[in-house]
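None of the figures in this text is laboratory data; all of them are computed from the coordinates on show. The model shown is predicted, which means the values in this text are computed figures rather than measured ones. Reconstructed Cβ throughout: ideal geometry from the backbone, glycine too, with neighbour counts over all protein chains shown.
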Amino acid sequence: MNNDDIALAADSRFAKAAHSQGSVKLAILLVEDEPDQALLVQDALSEDNRLTLLPAVQSGEAAIAYLSGEGAFADRVAFPFPFLVLLDLHMPGIGGLGVLRWLQNHPEVNEKLQVVVLSSDQSSREIELAAELGVKQYWVKSDWMLLRQRIRDLNMLLSDEDPW
């Protein structure tokens, strides 16, 4: 499995779920502990008015609380459940792999969302481990041009024309 094989448009589960959302803005949760990296991702996402970027969380613990709707994230009007999670793997505390393990143990949450891993690490072992934990998209976050292209690809999937 390499990065070229993990194109967003190739995941039919993602595409069908995105298309089923219709004209509703799709909520994206960014889990990133580096403020500069978060700003770059937010900038790339801001180009598409069909997407709503939720307030970024900076740890795996906060991501789990958000996805669980617990604590400060209990109000689903203020903190809607995301359609997509952009997940950094390397964070202090419970990292991205811990979040992925939590999702595997909570299928009632996992089946409702898509997860894209963002990582600066391109090690084949890390990509394989993420895939074993159910990840179908693994994006190298240092390649911002490619990230923007993948956001554009997402926009095409959400177009009014049914690609299926």
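Remark: pairs (first residue in region 137-150, free of Cβ contacts under 8 Å to residues at least 24 places away in the same chain; second residue not in a strand (DSSP E or B); Cβ separation under 7 Å; 6+ apart in sequence or on different chains) = SER142/SER120.
The set of residues in region 99-116 that are out of contact with any Lys or Arg (no Cβ under 9 Å at 6 or more places or on another chain) and among the aliphatic types (A, V, I, L, M) comprises VAL99, LEU100, LEU103, VAL109, LEU113. If you go through region 93-102 and pick out every residue that is assigned to a loop (DSSP other than H, G, I, E, B) and under 15 Å from the mean Cα position of the chain (by Cα), you end up with 1. When region 68-107 is filtered for residues that are buried (at least 16 other Cβ atoms within 10 Å of the Cβ) and among the basic types (Lys, Arg), nothing remains.
Could you list all residues from region 103-147 that are assigned to a strand (DSSP E or B), within 12 Å of the chain's Cα centre (by Cα) and not small (Gly, Ala, Ser)? Result: GLN114, VAL115, VAL116, VAL117, LEU118, GLN137, TYR138, TRP139.
Here the condition is being in contact (Cβ under 8 Å) with a residue 60 or more places away in the chain and under 14 Å from the mean Cα position of the chain (by Cα); of LEU30, LEU45, LEU53, it holds for LEU45 alone.
Residues that are over 22 Å from LEU45 (Cβ atoms) and among the charged types (D, E, K, R) were ranked within region 108-126; the one that is surrounded by the most Cβ atoms within 10 Å (Cβ to Cβ) is GLU126. Residue-level check: of (1) over 29 Å from GLN122 (Cβ atoms); (2) surrounded by fewer than 18 Cβ atoms within 10 Å (Cβ to Cβ), ASP36 misses just (1).
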